[in-house]
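The values are calculated or read from the model by the stated rules, or taken from the named source; none is laboratory data. Fair warning: this is a prediction, and the values are worked out from it, not measured in the lab. Every residue, glycine among them, receives a Cβ derived from its backbone with ideal geometry; neighbour counts consider all protein chains shown. These area figures cover heavy atoms from the full protein model, side chains too; ligands, DNA and RNA do not enter into them. Shrake-Rupley method; radii C 1.70, N 1.55, O 1.52, S 1.80 Å.
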Amino acid sequence: TVGLVHASYIPNGFTWLDHGDIELGRAVLPLSHLFEAFLTPFGQTGFYRPLLTIVHSLDAAIYNKWAPGYHLTNVILHVLATGAFALFLNQFLSLKLPERLIATLAAGVHPLSWLPTGAISYRPELLATLFVFLTLFFHTKARTSNQKRNIILAAVCAGLGFLSKEST
């Protein structure tokens, strides 16, 4: 349902920062040079967002300059972030299934999700949200189960969040 609500963004074109970041390639690297994302600032900014550069570069390798593909990636990232919210919610609140479904749906279609999902230049927020919720989910699981796997997954997700947006 969340993906369908945001599907209208898919046929859109590039706007604003996308022209420089994607069309002109300032935030895109050849796949053979993805490691450079960890050594350089994002695009022509002072921000450190290597995961964002990697995701843009993967999109460029798949879609070239076909904007709907990039928008499809944003919708997929938003659906994943909504799923991570559901996991997070399940760890922190004792809700019945209908309550969890309604809360997850409300988060997934809430108006605050429209800009990050609809604008490629707001992809850092989608990535950061996804990894913050996953970090909290695995952290909570690690504290209640003492399984090293959950500790490692929490650390990996936290790291990916930091690599998505420096203010994560």
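Overview of values
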{"quantity": "Surface per residue (accessible, 1.4 Å probe) for the chain, Å²", "calculated": "55"}
{"quantity": "Charge dipole of the chain about the Cα centre (unit charges at C-beta), most positive-ward option of V28, F88, L160", "calculated": "F88"}
{"quantity": "Taking the range 1-155 and dividing mean pair separation by its residue count, relative contact order in percent (alpha carbons under 8 Å, at least six apart)", "calculated": "25"}
{"quantity": "Sum of side-chain charges, I54 neighbourhood, beta-carbon under 12 Å (Lys, Arg +1; Asp, Glu -1)", "calculated": "0"}
{"quantity": "Amide H within-cut-off set for F47, under 5 Å, with H built and near neighbours excluded", "calculated": "F42"}
{"quantity": "Calculated from backbone phi, Karplus (6.51, -1.76, 1.60) coupling profile of the range 98-103 in Hz, x at Gly/Pro", "calculated": "x, 5, 4, 5, 5, 5"}
{"quantity": "Phi to ³J(HN,Hα) by Karplus 6.51 cos²θ - 1.76 cosθ + 1.60 over the range 26-41, Hz, x for Gly, Pro", "calculated": "5, 10, 10, 10, x, 4, 6, 10, 4, 4, 5, 4, 7, 10, 10, x"}
{"quantity": "Phi-based couplings in Hz for the range 156-164 (Karplus 6.51, -1.76, 1.60; Gly and Pro marked x)", "calculated": "5, 5, 4, x, 5, x, 5, 7, 8"}
{"quantity": "Bins of 10 Å, starting at 0 and running to the largest distance - Cα pair percent for the chain", "calculated": "11, 35, 34, 17, 4"}
{"quantity": "Rounded to 10°, Cα long-axis angle of helix 67-92 versus longest principal axis of the chain", "calculated": "20"}
{"quantity": "Fully extended contour minus Cα-Cα distance, from Q44 to I62, at 0.36 nm per residue", "calculated": "4.2 nm"}
{"quantity": "Within the chain, longest stretch free of exposed trypsin sites (Lys or Arg not before Pro) [DSSP loop, at most 16 other beta carbons within 10 Å]", "calculated": "97-168"}
